[in-house]
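K.L.:
First the structure, then my questions, so here it is.
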Amino acid sequence: MFTINWCDWEDIVNESFIPLLENRDRYVIMYGGRGSSKSNFEAKKLIYRCLTEDYFRHILVRNTYATIKDSSYQTIKDIIFELGLGDLFEFKLQPLEIHCINGNSFLARGCDDTQKLKSIKDPTGVWYEEDIPTENDFITITTSVRTQKANYLQETFTINPEVEGNYQDNWFWKRFFKDRNELSYSDITIIEIDKDTKVDLTFTIHHSTYKDNKWIPNEFIGFLMDLKRTNPYYWEVYCNGKWGNRILGGLFYKNFNVARNTFNWEYDEQIPLHISFDFNVNPYMSCSIWQIVGKAVYLIDELAMKNPYNTTKGVCNEFKRKYFAHKGGLFVYGDPSGKNSDTRSEKGFNDFKIITNELEIFKPTLRVATLHPPVAMRGNFINEIYANNIFDISINLFENSIYLKNDMLFGKEASDGTKLKEKVKAEDGSTHEKYHHFSDTLDYLMCEAFRNEFAQYQNGSGNIMRRPVIKDLNTKNKF
């Protein structure tokens with residue numbers, strides 16, 4: 001056995017993190033801005049635990065295995081040598097592991113191969129560095145941490161609070177942050193196993209920014225603060241540690257702008273409704289609801305009907321429930337493949353026949369193309385509308401839009417100029433397209449409601465009117 005002369009914690013970690021040294025909650029989430037020293041703190045705490053505990057086998061996790069070597073693995077390695085402890089550890093690259101001479105270890109695993117996560121025997125905890133895993137991967141990992149050999153089990157996250165898509169829809173935010181106004185807090189979920197047995201699932205949320213790091217260089221502080229001028233979004237996320245929706249490149253809808261293309265609306269039952277369908281059933285069946293005034297198009301509602309209501313009839317029933325009093329007329333758009341009979345419809349029926357029958361009280365008028373409008377061309381058409389209001393057309397989303405707004409912000413473009421239909425795995429093991437369900441409904445509506453303009457745009461003929469986009473963000477619009 002060996003003796004470690006560990007230095008005072010106050011000399012090697014920032015004061016904000018000292019209370020976490022003795023924290024034994026099952027989940028500890030350190031989040032906030034860049035440069036706060038949260039990863040540095042976690043590495044030092046884990047090194048200390050590895051050296052002093054009788055049994056310690058910790059997993060280093062990122063979404064992609066290849067990224068661990070240059071992140072948490074390298075951070076631990078660097079700090080071990082900074083503390084003069086290099087002789088006590090062995091560093092392996094194949095596989096990526098760190099072994100202490102007392103038998104304890106760090107093992108790296110990626111969520112791109114969850115079977116290898118399951119194969120680790122008796123892990124004592126997990127460090128999730130930078131990446132927030134999918135809920136399925138988290139469940140796989142956390143249910144693998146169940147040994148009785150350790151004094152306590154702990155899973156820690158060191159993350160910047162930024163996710164792809166709307167963070168309020170993300171499982172991680174909903175599980176640990178929803179309905180909380182504090183930046184830092186602890187909580188307990190009590191699970192009753194039976195009438196005599198209860199289990200406490202505890203977690204701590206710890207927020208930090210560069211202001212919590214007494215060793216951060218002034219040059220880095222200056223860069224973070226200058227983001228307020230150069231990039232207000234990253235100033236909020238990286239400087240202030242606020243939750244944000246990651247900005248991506250390679251988007252299909254390149255010219256959509258949240259500030260310019262969303263605003264308040266007031267539904268008018270005397271103006272016709274325009275509803276557009278996408279008939280995919282997973283993760284939901286999609287129907288966007290619009291009103292058109294002149295050449296101004298307003299999204300007023302989204303119906304995302306999940307199982308067991310993810311049927312054409314289920315969507316129609318929800319529409320009738322919400323708009324039973326509508327008197328202004330109804331136009332129906334959607335995927336042209338809905339004209340075909342398939343296994344989801346009764347013999348002799350198709351999706352649009354079902355819609356016509358179910359919504360008969362509204363006297364619907366079908367506006368459905370014979371063929372799908374070319375994907376790249378219709379995308380260019382809509383991008384031109386967003387950028388320049390060509391033909392005096394405008395597309396406007398209501399402020400609380402979730403599904404279509406996410407498609408606009410995060411739906412990617414494929415290398416051939418079409419929509420990249422990314423696949424994600426659901427809890428039941430099935431896969432579905434992550435984005436572009438509601439954006440398809442937009443495409444179908446725009447190419448039919450403005451058929452002449454779209455044809456003119458395709459042909460490149462005539463005078464395509466372009467106007468500068470001017471908008472008073474403080475005006476509440478009434479149709």
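Bear in mind these aren't lab numbers, they're just calculated from the coordinates by the rules spelled out. Just so you know, these numbers come straight off a predicted model, no measurement behind them. Note that we place each Cβ from the backbone using ideal geometry, even for glycine, and neighbour counts take in every protein chain shown.
K.L.:
Pairs of Cα atoms under 8 Å, at least six residues apart: use those to get the relative contact order of region 11-212, whole percent. Write out the running numbers ahead of the final one.
P.N.:
Details: 336 pairs, mean separation 63.5, N = 202.
That works out to 31 percent.
K.L.:
Would you tally the net charge around residue 155, using a Cβ to Cβ cut-off of less than 10 Å, leaving residue 155 out, and scoring K and R as +1, D and E as -1?
P.N.:
Net charge in that neighbourhood comes out at 0.
K.L.:
If you don't mind, there's one more thing I want to ask. Could you tell me what percent of the DSSP beta bridges with both partners in region 258-459 are antiparallel, to the nearest 5?
P.N.:
On the way: 18 of 31 bridges.
In region 258-459, approximately 60 percent of DSSP beta bridges are antiparallel ones.
K.L.:
Express the relative contact order of region 258-459 as a whole percentage, based on alpha carbon pairs under 8 Å and six or more residues apart in sequence.
P.N.:
Dividing the mean separation by the residue count of region 258-459 yields 25 percent.
K.L.:
Using +1 on the beta carbon of Lys and Arg, -1 on that of Asp and Glu, and nothing else charged, what's the dipole of the chain about the Cα centre, debye to 20?
P.N.:
On the way: 59 positive and 66 negative charges, 258 e Å.
Rounded to the nearest 20 debye, it is 1240 debye.
K.L.:
If amide H atoms are built 1.01 Å from N in the plane of the peptide, which residues on other chains or at least 5 residues away come under 5 Å of the amide H of residue 186?
P.N.:
Residues meeting the amide H criterion: 205.
K.L.:
Through the Karplus equation 6.51 cos²θ - 1.76 cosθ + 1.60, θ set to phi - 60°, convert the phi angles of region 71-86 into ³J(HN,Hα) values in whole Hz; use x for Gly and Pro.
P.N.:
10, 4, 4, 5, 4, 4, 4, 4, 5, 4, 6, 4, 8, x, 10, x
K.L.:
If you add up the charges near residue 328, with Lys and Arg at +1 and Asp and Glu at -1, over every other residue whose beta carbon is less than 11 angstrom from its beta carbon, what do you get?
P.N.:
Numbers: positive: 327, 363; negative: 268, 269.
Local net charge: 0.
K.L.:
Which one is right for this structure if P(r) over Cα pairs in 20 Å bins from 0, in percent is calculated from it: (1) 24, 53, 18, 4, 0; (2) 23, 51, 25, 1; (3) 20, 44, 28, 8, 0?
P.N.:
(3)
K.L.:
Hey, another quick one. Under 14 Å from the Cβ of residue 236, count the other residues' Cβ atoms, weight Lys and Arg +1, Asp and Glu -1, and hand me the total.
P.N.:
+3
K.L.:
Considering only DSSP beta bridges with both partners in the chain, what is the antiparallel share in %, to the nearest 5?
P.N.:
Antiparallel bridges: around 45 percent, rounded to the nearest 5.
K.L.:
For the chain, what relative contact order do you get, as a whole percent, if you take Cα pairs closer than 8 Å and at least 6 residues apart?
P.N.:
Result for the chain is 15 percent.
K.L.:
Just order 404-414, 212-222 by mean Cβ neighbour count inside 10 Å, highest at the front, would you?
P.N.:
In decreasing order of mean packing, 404-414, 212-222 become 404-414, 212-222.
K.L.:
Amide H to amide H, which residues 5 or more places from residue 244 or on other chains are under 5 Å from it, using H placed in the peptide plane?
P.N.:
Counting only residues 5 or more places away or on other chains, the set is 162, 163.
K.L.:
Quick one: 436, 326, fewest Cβ neighbours within 10 Å first, how do they rank?
P.N.:
Least crowded to most crowded, the residues run 326, 436.
K.L.:
Could I ask something else about it? Name the residues whose placed amide hydrogens come within less than 5 Å of the amide hydrogen of residue 28, ignoring near sequence neighbours (fewer than 5 apart) on the same chain.
P.N.:
155, 156, 157, 204
K.L.:
Can you compute log10 of I(q)/I(0) for region 1-160 with the Debye formula, treating each Cα as one identical point scatterer, at q = 0.12, 0.14, 0.15, 0.16 Å⁻¹?
P.N.:
Here log10 of I(q) over I(0) equals -0.48, -0.67, -0.77, -0.89.
K.L.:
Put a dot 7 Å past each Cα toward the Cβ at residue 218 and residue 402; how far apart are the dots in nm?
P.N.:
Result: 4.8 nm between the two label points.
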